Amino acid sequence: MKIGVAYYPEHWPEERWAVDARMMARMKIDVARVGEFAWSRLEPRRERFDMDWLQRAVQVLADHGLKVILCTPTAAPPPWLFQRHPTILPQRADGRRWYAGSRRHVCLSHPAYQKYARRIVSELAGCFDANPHVYAWQVDNELGLGGSGVCYCSECEQAFRKWLKRCYGTLERLNTQWGTAFWSQGFADWHEIPAPRETPAGSHPSLLLDYKRFVSAQYRMFVEEQRDLIRQHAGEEAVVTTNSPGPLAVPHINLFSLATAQDVTALDNYPADASRLEVAALQLDLVRSLKRKPFWVLEQQAGATIIPGHAAQPRPGQLRLWSYQAASRGAELMVYFRWRTCAFGQEMHWYGMLDSNGTPRRRFEELRGTIAELKEHAGLWEGRLPEADVAIMLDYDSAWALEATPLGAELDYFGLLHTFYSVLRRIGAQADFVQPGAELSDYAALIVPMPFICTDELARQLETYTHQGGRVLVTAPAGYKTPANTASGVSPPGELTRLLGVEIVEYDVLNPGAVNSIELEGGAQSFPTGRFCSVMQLRGARTLGTYGAQFYAGSPAVTARTEGKGEAFFVGAACGPECYETLLRQLFEDGRVRLWEWASPSVEVVPLKGAPEEPRLTFVLNHSGEPVTLALPQEAPVTELLTNRHCQDSLTLGGYEVALLKF
């Protein structure tokens with residue numbers, strides 16, 4: 001396993017660089033990530049480049065045995081570029097532009113920004129083309145993060161029209177598929193198509209969905225272009241990645257698509273406190289799932305953050321715990337953010353390993369010990385990714401279509417994704433994420449949240465998977481829309497009707513104050529619903545639960561249908577985690593999904609893959625500050641590998657402690 005730090009030589013006197021490099025070398029740090037916000041130092045005036053200081057910094061690091069991850073600095077253009085081209089600032093949907101003086105505040109479609117971004121990337125790649133100390137390249141920084149991640153300016157509008165023309169070919173086809181006869185929106189020229197800015201009654205749902213697809217495609221093309229420029233100079237063997245802030249932070253970027261432009265996937269990881277356990281675990285599992293391979297963490301928390309509501313100092317042991325959490329879920333390189341706390345600017349209180357005055361304190365010592373541990377023990381688990389029995393389908397088209405046409409129910413696609421993941425983790429099931437069309441044969445069960453758009457291809461795939469023994473749980477609303485975000489030609493769940501064995505005759509959105517419930521086992525278990533409820537008739541399914549109120553009380557709310565060797569559950573109403581847990585436990589009754597009894601809201605269990613003849617390895621992480629005692633299986637001896645302890649009957653983990661168990 002490799003360890004790195006985010007380092008900013010431009011922030012500190014040059015005579016300090018060697019001091020920092022020596023300290024890094026003593027800690028067995030392998031790489032330093034540099035340069036992602038240094039554009040104004042690399043090109044202080046237009047076409048006046050100064051790469052010498054960065055070359056010297058890289059050499060100082062290399063003299064102490066470190067390589068660098070070299071970043072393109074395009075996330076923070078210099079002031080002279082904003083002065084020369086103020087319209088590169090992104091525009092909000094209401095027409096207001098953002099102001100300069102921050103980061104991630106540029107329009108990716110703007111020709112002037114594209115020109116200068118290409119030039120600085122080319123200069124940087126040309127300067128370091130044959131440098132043996134460059135370990136890898138990072139494109140930009142945290143693409144899409146923040147309120148400026150989607151732009152609606154005239155340049156984006158023009159690029160959107162060109163993108164639509166490539167997708168549809170003719171205006172006749174676009175008008176037909178979108179249904180622009182509504183409200184007199186038929187287009188006679190490509191230049192009539194607007195970006196979906198604020199209007200008195202909203203934008204056309206088909207236009208909204210395609211604009212979301214366009215925005216995501218722009219980010220992918222942005223990475224592809226920089227990757228290709230880097231390789232023109234550094235060669236095809238250059239390793240190129242970018243650091244995602246995670247799917248919950250940038251839901252407008254299809255990360256499966258973005259992964260195709262990278263050699264290795266990467267993310268920034270800030271657990272912040274125990275309440276964000278599931279957020280961190282979900283994002284780690286998702287970035288691994290993008291390629292089903294080990295990944296990089298290019299920013300790993302090293303101290304207190306300024307995340308609103310989560311700014312507390314990490315408690316003793318938490319930095320070590322969070323490092324093991326990332327490693328257990330597939331991180332093969334971990335870059336701590338940052339080496340030294342910044343002494344100026346907007347992130348002065350986003351703490352690094354060192355204080356801003358260079359003093360090493362408690363967090364430095366904890367991370368020094370953690371790095372030594374990881375270096376010593378990583379060989380025990382390297383090459384063994386988490387063993388997932390369950391897959392969660394992440395369909396960006398459905399998420400975006402539902403956001404464009406939310407059915408008046410405020411349905412939150414990514415919120416439901418998080419809910420399912422949290423329930424699975426807390427009952428001890430390990431999950432991967434998949435996109436529609438992905439191979440499913442490795443999984444015993446599949447969760448499909450709100451497939452608002454369901455194509456014939458996806459429905460056939462789910463039928464085949466279930467017929468061969470897979471167990472599927474689908475939630476409403478399902479099968480309402482075509483890929484163009486228009487109404488399906490058949491009643492919901494559309495193409496899923498045969499698999500699920502139900503027909504949705506109407507849906508109800510409860511008014512404020514109105515209530516409903518799902519009654520399971522003849523009323524023995526009752527769970528409140530959310531506002532969205534499907535009124536359905538059976539078409540071959542059997543009823544697992546009924547509604548407890550409203551005019552459709554007693555009608556099916558949860559159903560199941562046997563298909564071949566498998567089974568398909570359908571949850572017709574929005575509901576809470578307690579209801580989903582009950583249904584998932586029922587879905588898993590065939591015993592093919594391993595539920596680790598040690599798991600709890602504060603105890604994380606990560607089983608690792610291995611060949612049949614290899615011993616089972618399982619990480620157990622205690623995110624509570626209090627000790628927990630685990631009852632151990634009696635049928636085989638258990639060894640805790642991090643301390644080389646042989647355990648019998650039980651194992652007690654102290655607060656924020658981690659164990660790697662061998663069975």
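The values are calculated or read from the model by the stated rules, or taken from the named source; none is laboratory data. Everything numeric here is computed off the predicted structure, so don't read it as measured data. Backbone-built Cβ (ideal geometry, glycine too); neighbour counts: all protein chains shown. In case anyone asks, the SASA skips ligands and DNA or RNA and just uses the protein heavy atoms, side chains included. Shrake-Rupley method; radii C 1.70, N 1.55, O 1.52, S 1.80 Å.
Okay, here's what the table says:
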read-out: Residues of the stretch 174-220 that turn out to be on the phi > 0 side of the Ramachandran plot and open to solvent by 50 Å² or more (accessible area, probe 1.4 Å), as a count; value: 2
read-out: Selected residue (only one of Arg96, Arg103, Arg92, Arg48 is modelled with pLDDT under 95 and out of contact with any helix residue (DSSP H, G or I) (no Cβ under 9 Å at 6 or more places or on another chain)); value: Arg103
read-out: Pair list, Cβ < 6 Å and 6+ apart or interchain, from the stretch 650-663 residues that are free of Cβ contacts under 8 Å to residues at least 60 places away in the same chain to residues that are among the polar types (S, T, N, Q) and open to solvent by 40 Å² or more (accessible area, probe 1.4 Å); value: Ser650/Thr629; Thr652/Thr629
read-out: Meets criteria (buried (at least 18 other Cβ atoms within 10 Å of the Cβ), under 28 Å from the mean Cα position of the chain (by Cα) and assigned to a loop (DSSP other than H, G, I, E, B)) for Tyr135; value: no
read-out: Residue among Leu424, Leu416, Leu407 that alone is part of a helix (DSSP H, G or I) and under 30 Å from Thr199 (Cα atoms); value: Leu416
read-out: Pair list, Cβ < 7 Å and 6+ apart or interchain, from the stretch 27-38 residues that are among the aromatic types (Phe, Trp, Tyr) to residues that are open to solvent by 10 Å² or more (accessible area, probe 1.4 Å) and modelled with pLDDT of 95 or more; value: Phe37/Ala76
read-out: Given (1) over 25 Å from Ser488 (Cβ atoms); (2) open to solvent by 30 Å² or more (accessible area, probe 1.4 Å); (3) of a type in the set (Val, Ile, Thr), index of the condition Thr170 fails; value: (1)
read-out: Qualifying residue in the stretch 368-386 (condition: in a loop (DSSP other than H, G, I, E, B), over 30 Å from Asp210 (Cα atoms), open to solvent by 40 Å² or more (accessible area, probe 1.4 Å) and not charged (D, E, K, R)); value: yes
read-out: Conditions (1) in a helix (DSSP H, G or I); (2) of a type outside the set (A, V, I, L, M, F, W, C); (3) in contact (Cβ under 8 Å) with a residue 60 or more places away in the chain; (4) open to solvent by less than 50 Å² (accessible area, probe 1.4 Å): number failed by Arg161; value: (3)
read-out: Breaking point among (1) open to solvent by less than 10 Å² (accessible area, probe 1.4 Å); (2) farther than 25 Å from Pro483 by Cβ, for Val223; value: (2)
read-out: Residue in the stretch 21-34 that is acidic (Asp, Glu) and over 30 Å from the mean Cα position of the chain (by Cα) present; value: no
read-out: Strands (runs of 3 or more DSSP E) enclosed by the stretch 443-514 - at least 1 residues per element that are in contact with a helix residue (DSSP H, G or I) (Cβ under 9 Å, 6 or more places away or on another chain), among the polar types (S, T, N, Q) and under 17 Å from Ala574 (Cα atoms); value: 471-475
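To keep it simple, each residue is scored yes or no on (1) of a type in the set (A, V, I, L, M, F, W, C); (2) without any contact (Cβ under 8 Å) to a residue 60 or more places away in the chain.
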position: Arg56; (1), (2): no, yes
position: Leu61; (1), (2): yes, no
position: Gly65; (1), (2): no, yes
position: Leu70; (1), (2): yes, no
position: Thr74; (1), (2): no, no
position: Pro78; (1), (2): no, yes
position: Phe82; (1), (2): yes, yes
position: Ile88; (1), (2): yes, yes
